[in-house]
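Scroll down for the structure; my scribbles are underneath it.
The values are calculated or read from the model by the stated rules, or taken from the named source; none is laboratory data. This one's a predicted model, so the numbers in the text were calculated from it and none came from an experiment. Every residue, glycine among them, receives a Cβ derived from its backbone with ideal geometry; neighbour counts consider all protein chains shown.
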């Protein structure tokens, strides 16, 4: 369960973005200690972010080595509306594949079509589920 207070002004804005944004930046730390930001699709579900990844990526290796991650949305054009979440990530085996996660597919139907993917093709290629539990929020 998340420890973030979503009743504050910042918390409410962050939650609204978690429920509506298409992309979030996931920053992992490589095995050599370098931050590695990656734009990812995600679903805010049951107080966690669900992300699907291709197998054997640097992101997966980094999470297995160090589960501490940061997530952030793009800021406004003038540098406002900043929300940075910190939390822990885990590669999970008990999460439904992308094409069996109805909420995920509903959210990404148009982007999948735009990229020429069927849900089954996407699930086959992005077969590794990641669950991120946010624990801290900062921003303005």
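State all residues of region 118-140 that are modelled with pLDDT under 95 and either closer than 15 Å to residue 53 by Cβ or buried (at least 16 other Cβ atoms within 10 Å of the Cβ) (or both); if no residue qualifies, say none.
139
Yes/no per residue for (1) part of a loop (DSSP other than H, G, I, E, B); (2) touching a helix residue (DSSP H, G or I) at 6+ places or on another chain (Cβ under 7 Å); (3) surrounded by 18 or more Cβ atoms within 10 Å (Cβ to Cβ); (4) at pLDDT 95 or above:
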site	(1), (2), (3), (4)
3	yes, no, no, no
18	no, no, yes, yes
24	no, no, yes, yes
38	no, yes, no, yes
50	no, yes, yes, yes
62	no, no, yes, yes
74	yes, no, no, no
